[in-house]
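Notes to accompany the following structure.
The values are calculated or read from the model by the stated rules, or taken from the named source; none is laboratory data. All values derive from a computational prediction rather than experimental measurement. With ideal geometry, Cβ positions are generated from the backbone for all residues, glycine too; neighbour counts draw on all protein chains shown. Calculation scope for accessible area: heavy atoms of the full protein, side chains included, ligands and nucleic acids excluded. Shrake-Rupley method; radii C 1.70, N 1.55, O 1.52, S 1.80 Å.
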Amino acid sequence: MKLKALSIVALLLTNSVIADEKVNKDEVKLPIPTRTEFAEQTKRDLGKYGAINTIQELPISRMYFVEAQNGSFIISSDGRFAIEGTVKDVWHRKTLKTVEDVRATLRMPLKEMKFDFQKDLASLVIGNPDIPRQGIIFGDPTAKHTQDLVSKINANKDKYHFVFVMMPLIGGEEAVERSMSVLCAPDRKLAIEDLANNTSKSFLDTNDGCPDQNLMFTVYMQEIFKITNLPHLVREDGLVSKGAPVELDEWLESK
């Protein structure tokens, strides 16, 4: 009976319909870490639990938290795996006991992240730095929807304030080179105009000895922020838009 109940729950979850976001986006192909890379990263993250003897990946693509009459458990989307016991959110340092606890983890306020997005990442400020920051944008400078979003913000720069993070995942080597050109341009204002209009006026000269601007570290943010589409926006309270919101103001004001 319990197995049947779990299968029904899994079927309902698998067939649930999620409304498409009203966004403009370019899909990216994320590099898949090797088993060795994943295992080593997991060992580092979970080191506080003591020495890790071995790690084996489970054949699970999606998992769901289920709050039932007699307790809570985790179930895989195909109903094959049901996991009972304590679930801890390592990032938030809390135990998840209810569905509300899980929902509270869906947003990670930027102030709780251990990053200085301007100093640690390959980034530049777009909009008005004199007003409170509204969020961060991950984008490929060669991708159309990213350019369109930057152009929209730049055309109304007094009302917006974002940190734009270079994420050259679509345009290949060209995107990497353009990212560096924008970041190394002496005139940041002109560089933002180039980013918005797909021009190269600010590239005529570059800062001597311009560093790599943490571009490689920035790409690591793919996994942290689960980036599958660009541009990828994160509001200050952690609300995510996987693509450029068609109505940016509405998204900024939404609950």
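Quick one: how many residues across segment 98-110 are over 17 Å from PHE73 (Cα atoms) and open to solvent by 100 Å² or more (accessible area, probe 1.4 Å)? So the answer is 1. What number of residues within segment 52-97 satisfy the criterion of being surrounded by 13 or more Cβ atoms within 10 Å (Cβ to Cβ) and hydroxyl-bearing (Ser, Thr, Tyr)? The qualifying residues number 4. Residues in segment 146-167 that are closer than 16 Å to SER179 by Cβ and open to solvent by 10 Å² or more (accessible area, probe 1.4 Å): 1 in all. Among the residues of segment 133-164, those that are part of a strand (DSSP E or B) and either of a type in the set (Ser, Thr, Tyr) or within 16 Å of LEU121 (Cβ to Cβ) (or both) comprise GLY135, ILE136, ILE137, PHE138, GLY139, PHE162, VAL163, PHE164.
Just give me the residues in segment 219-231 being open to solvent by less than 60 Å² (accessible area, probe 1.4 Å), touching a helix residue (DSSP H, G or I) at 6+ places or on another chain (Cβ under 9 Å) and not in a loop (DSSP other than H, G, I, E, B), in sequence order.
Within segment 219-231, ASN229, LEU230 qualify.
Test GLN118 against the stated conditions and say whether it is in contact with a strand residue (DSSP E or B) (Cβ under 8 Å, 6 or more places away or on another chain), closer than 18 Å to MET216 by Cα and open to solvent by 20 Å² or more (accessible area, probe 1.4 Å).
Answer is yes for this residue.
Listed conditions (1) out of contact with any strand residue (DSSP E or B) (no Cβ under 9 Å at 6 or more places or on another chain); (2) touching a residue at least 60 places away in the same chain (Cβ under 8 Å) are all met by THR54, apart from (2). A search for C-beta distances below 6 Å between a residue of segment 192-205 that is closer than 16 Å to MET166 by Cα and open to solvent by 60 Å² or more (accessible area, probe 1.4 Å) and any residue that is part of a helix (DSSP H, G or I) and modelled with pLDDT of 85 or more, counting only pairs 6+ apart in sequence or on different chains, returns ASN198/GLN147.
For segment 177-190, the set of residues classified as hydrophobic (A, V, I, L, M, F, W, C) and buried (at least 22 other Cβ atoms within 10 Å of the Cβ) consists of VAL182, LEU183, ALA185, listed by residue number.
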